[in-house]
There are 2 protein chains.
Amino acid sequence: MNERRGPTETVLMDAVARRHYLRGESKVEIAGALGISRFKVARLLDDALACGVVRIDILSPPGLDAELSERLRRAYGLRYAIVVPGEAEGRSAVAQAAADLLLEVLTPADVLGLPWSRSVSDVVNRLTTLPAIPVVQLCGGLVLAGEEGSSSDVVRRAARIAGGPNHVFYAPLILDDAESAGALRRLASVRDALAHVPTVTVAIMGVGAWVPGGSTVCDAVSDRTRAEVASTGVVGEMGGVLFDAGGRPVDSELSARIVAITGAQLRAIPNVIAVAHGAAKVTAIDAAVRGGLVHSLVTTAATATALLAGAPLPSTN
Amino acid sequence: MNERRGPTETVLMDAVARRHYLRGESKVEIAGALGISRFKVARLLDDALACGVVRIDILSPPGLDAELSERLRRAYGLRYAIVVPGEAEGRSAVAQAAADLLLEVLTPADVLGLPWSRSVSDVVNRLTTLPAIPVVQLCGGLVLAGEEGSSSDVVRRAARIAGGPNHVFYAPLILDDAESAGALRRLASVRDALAHVPTVTVAIMGVGAWVPGGSTVCDAVSDRTRAEVASTGVVGEMGGVLFDAGGRPVDSELSARIVAITGAQLRAIPNVIAVAHGAAKVTAIDAAVRGGLVHSLVTTAATATALLAGAPLPSTN
DNA sequence: GCTGCGTCTGCTCAGATGAGCGAGTATCTT
DNA sequence: AAGATACTCGCTCATCTGAGCAGACGCAGC
């Protein structure tokens, strides 16, 4: 980084830098045109870079924190990690990013799996097009007061957009007892739909935390049940599958009352894309990813930062 | 320039661009680290450049207009062309640039030639160091009222800074008649100094225009003499040498009254650096350069632009 | 479903490039 | 003035890189 440089050298450096970086000429070309050796050209360019005459900016694309995404991906060994800036306005940005990701990742050979979930519904609402692939429903629906109807139709809506075959059913996610749940599972429509679960190659799912307000499942059960489940080590839930801090599916009494894919089936899906953010969910997301239930993650910068704070540092390469 | 791009691709592009442009990793390296082909890396980088994710700025160094310098150099086939921004504040900036250029260009094998000149005095005032080389005075001095003494000492000051041998003399530049001038030229001190002129390899000189106020020589002679000289086609003056619009030295009656190097001697100096600017001097500068009296030029942006307006366009390469 | 078209991917090979070396030269010290 | 030191320059050789090409894949029309 030679600070002292004569005006001739400076003018030369500028000319070389312009030709190389703006006009795209090769160093050999420049050397020939200016009558200097290609080594001199290379050294001038190095100096120009070192002393700030040439400035290169990488602009993070709008609506995406590429650097955090990459760090998160490396830290967890994720297939894809997409981080949108901020946290407050995360809801729609995350959904949009997830929809884009889905569109990018899906091939005509894939089979898409979808659970009932508010987050997933948001994602599907952002989809305008999809390959003509089969769509498989992964679990029953929870209809909350005030938004019955449309939101339980996530899978049908996705299937309509795709135009491919759909394997959907009408059934609640949680029953009052194991017997009712069993009966539903034996119902032809349910059984036929769930029979296609092993063919699913890509699923997009929300992640719930096992705390009040952290998951629709958690909120839907009694205080007593919630406590019982918590005492078995459950920290989170995905599409009706409960899992502990190690991301291991946990079978509890509640599991028997749920109409959804099994933990083993979830784990067998090759590419599970999780869409989740919020401070309350950090532990659950961390567990799901570490446990291998999730292969790709779409989240907010705040959540990603919190995850990285507890995650192993990225390797150096 | 593929505008549509999924988030994964975008994140990848960002990562690749960061590694390549900011960390300086080779494309092969990046390809290996990210598990993609080097061709993909190259294409991502091309796209990143094309769609503005990577932005490269060439910052013109402060106090120097590199682009104009280069254009001026090409247009006139100059060895060195240095253009400082603006025109108003040109005086000191030009002097500084010339001093820097001199320092950069001079080698211990050179012999420096200097005329009396206000511009050259400014340049020497900016010099703090010089190689230990001989310094040769090129012409007699004109002492203006109010600044006698120091300013005629240009050559001595330069020699003191250099620390090498000096070949200086005390004599006025213009005498009242040819006889007085001849006598002075025969004076031992003058003759000995001028005998070294053929050894001069680098000279730094001002350029005067043959209009009132355009040159100290022009201002020092009578109106009648000025008109006579003008009628012989003289447009400018350098260190006592008068020249016409083609840059050809002109011998007039005035020439015989001047104690200075001859036009032939001036032309024989391998590298004459001219320091000159101002709208009035454009014609004179143009003539001197085209005539081959000047090989390098230090000037202002306004003057350079005016010169370029009348000069042949730069060749394309 | 089959075929043509446009796009994307990775390959070959020639030319471009970087790391390190040794010679020549300027600068500093004694 | 002479030697030591630091610097710049251009070279060689191994590696990297770009242009163009061929095959694979997805898409639209019959």
Shielding by partners, peptide B:59-66 (average Cβ within 10 angstrom, other chains): 5
What residues qualify as long-range amide H neighbours of B:Ile82, i.e. H under 5 Å apart, gap of 5 or more or another chain, H built at 1.01 Å from N? B:Leu297, B:Val298, B:Thr299
Among beta bridges that DSSP assigns inside region A:161-313, antiparallel share in %, nearest 5: 50 percent
Copy-to-copy spacing for A:Lys40, label 7 Å out on the Cα-to-C-beta vector, in nm, shortest first? 4.2
Mind checking the dipole of chain A: about its Cα centre, +1 per Lys or Arg Cβ, -1 per Asp or Glu Cβ, Debye to the nearest 20? 980 debye
The farthest towards the positive end of the charge dipole of chain B, of the residues B:Trp116, B:Leu64, B:Gly236, given +1 on Cβ of Lys and Arg and -1 on Cβ of Asp and Glu, is B:Leu64
Could you work out, residue by residue across B:100-109, how many beta carbons of other chains sit within 10 Å of that residue's beta carbon, and then give the average as an integer? 3
Mind listing which GluC sites (Glu not before Pro) in region A:180-285 are in a DSSP loop and have 12 or fewer other Cβ atoms within 10 Å? A:Glu253
Cα gyration tensor shape of region A:7-50, rounded if a/c is under 1.5, else prolate or oblate by comparing a/b with b/c: rounded
What is the minimum Cβ-to-axis distance for chain B, in whole Å, where the axis maps B onto A, and to which residue does it belong? B:Ile56, 3
Any idea what the A:Arg224 label distances to the other copies are, label 7 Å down the Cα→Cβ vector, nm, shortest first? 13.1
Region A:11-65 versus region B:31-110: alpha-carbon centroid distance in Å: 8 Å
In debye to the nearest 20, the charge dipole size for the protein assembly as shown, taken about the Cα centre with +1 at each Lys and Arg Cβ and -1 at each Asp and Glu Cβ, equals 1320 debye
Averaged over A:9-20, how many beta carbons belonging to a partner chain fall within 10 Å of each residue's beta carbon? 6
Once you wrap a convex hull around the alpha carbon atoms of chain B, what is its projected area averaged over all directions, in nm²? 20.7 nm²
Rel. contact order, % - alpha carbon contacts under 8 angstrom, at least six apart, chain A: 19 percent
With Cα atoms, 0 to 90° folded angle of helix A:38-50 axis to chain A main axis: 60 degrees
Choice from A:Ala264, A:Ala95, A:Ala203 with maximal GNM fluctuation in chain A (Cα, 10 Å cutoff): A:Ala264
What is the helix-to-structure angle for B:7-17, meaning the angle in degrees between its Cα long axis and the longest Cα principal axis of chain B, kept from 0 to 90 and rounded to the nearest 10? 40 degrees
How long is the protein assembly as shown along each principal axis, judged by its Cα atoms, biggest number first, in Å? 132, 43, 41
How large is ³J(HN,Hα), in whole Hz, for each residue of region B:219-229 in order, when computed from phi with the Karplus curve 6.51 cos²θ - 1.76 cosθ + 1.60 and θ = phi - 60°, using x for Gly and Pro? 6, 8, 9, 5, 4, 5, 4, 4, 5, 4, 4
Out of B:Leu194, B:Leu307, B:Leu22, a Gaussian network model of chain B with alpha-carbon springs under 10 Å gives the largest mean-square fluctuation to B:Leu22
In nm to one decimal, list the spacings between the A:Ser180 label point and its equivalents in the other copies, with label points set 7 Å along Cα to Cβ, shortest first. 12.6
As a percent rounded to 5, the proportion of antiparallel DSSP bridges among beta bridges in chain B is 30 percent
Over the protein assembly as shown, what is the percentage of antiparallel beta bridges among all DSSP beta bridges, to the nearest 5? 35 percent
Applying the Karplus parametrisation 6.51 cos²θ - 1.76 cosθ + 1.60 with θ = phi - 60° to the phi angles of region A:256-271, what ³J(HN,Hα) value in whole Hz is obtained for each residue in order, glycine and proline being reported as x? 5, 8, 9, 9, 6, 5, 7, x, 5, 5, 4, 4, 7, 5, x, 9
C-alpha long axis of helix B:90-105 to longest principal axis of chain B, angle in °: 80 degrees
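Read-outs throughout are calculated quantities, based only on the coordinates presented, and are distinct from any laboratory measurement. Everything numeric in this text was worked out from a predicted model, so none of it was measured. Because the Cβ atoms are built from the backbone with ideal geometry, glycine has one as well, and the counts that use them run over all protein chains shown.
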